Amino acid sequence: MNRQALVTIDLSDINSPRQLHAALAAALGFPSFYGMNWDAFHDAITGLVDMPQQLELRGWPAFAARLPAEAATLQRILARLAQDMPAQAAQVRYA
């Protein structure tokens, strides 16, 4: 497993679920067939890519205020990964 030490994703300009999935896919190196939805996100982080050791989500408070349902889902999936697969999970910083 060749994990990056840190990946930072700037959420400041994210205003739609599609933009969010595009940013996640680009930053985390998802394959071109990534389905741009939460089921596909879960599949990607649990089997298709190596998560970084640390994941920093910059601009989180404003992003979570703009897209609360997306923010809650992203947090839930990342927390479940940490619980179910701690060795593969990233340490997430919501900044």
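Looking at (1) among the aromatic types (Phe, Trp, Tyr); (2) under 17 Å from LEU11 (Cα atoms); (3) crowded, with 18+ Cβ neighbours inside 10 Å, which one does TYR34 not meet, given that it meets all the others? Single failed check for TYR34: (2). Looking at the stretch 37-55 only, could you name the residues that are touching a residue at least 24 places away in the same chain (Cβ under 8 Å) and either surrounded by fewer than 20 Cβ atoms within 10 Å (Cβ to Cβ) or of a type outside the set (A, V, I, L, M) (or both)? Scanning the stretch 37-55 gives TRP38, PHE41, HIS42, THR46, ASP50, PRO52, GLN53, GLN54.
So that you can scan it fast, the table gives a plain yes or no per residue for (1) more than 12 Å from the chain's Cα centre (by Cα); (2) part of a helix (DSSP H, G or I); (3) of a type in the set (S, T, N, Q); (4) at negative phi:
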residue: PHE33; (1), (2), (3), (4): yes, no, no, yes
residue: GLY47; (1), (2), (3), (4): yes, yes, no, yes
residue: MET51; (1), (2), (3), (4): no, no, no, yes
residue: ALA62; (1), (2), (3), (4): yes, yes, no, yes
residue: GLU70; (1), (2), (3), (4): no, yes, no, yes
residue: LEU78; (1), (2), (3), (4): no, yes, no, yes
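Determine whether GLN83 is out of contact with any helix residue (DSSP H, G or I) (no Cβ under 7 Å at 6 or more places or on another chain), at negative phi and either surrounded by 13 or more Cβ atoms within 10 Å (Cβ to Cβ) or assigned to a strand (DSSP E or B) (or both). Considered against the rule, which asks whether it is out of contact with any helix residue (DSSP H, G or I) (no Cβ under 7 Å at 6 or more places or on another chain), at negative phi and either surrounded by 13 or more Cβ atoms within 10 Å (Cβ to Cβ) or assigned to a strand (DSSP E or B) (or both), GLN83 comes out as no.
Throughout, read-outs are computed from the coordinates displayed, never taken from laboratory work. Because the structure is predicted, anything quoted here is derived from the model rather than measured. Please note: Cβ atoms are built from the backbone with ideal geometry, for glycine as well, and neighbour counts cover all protein chains shown.
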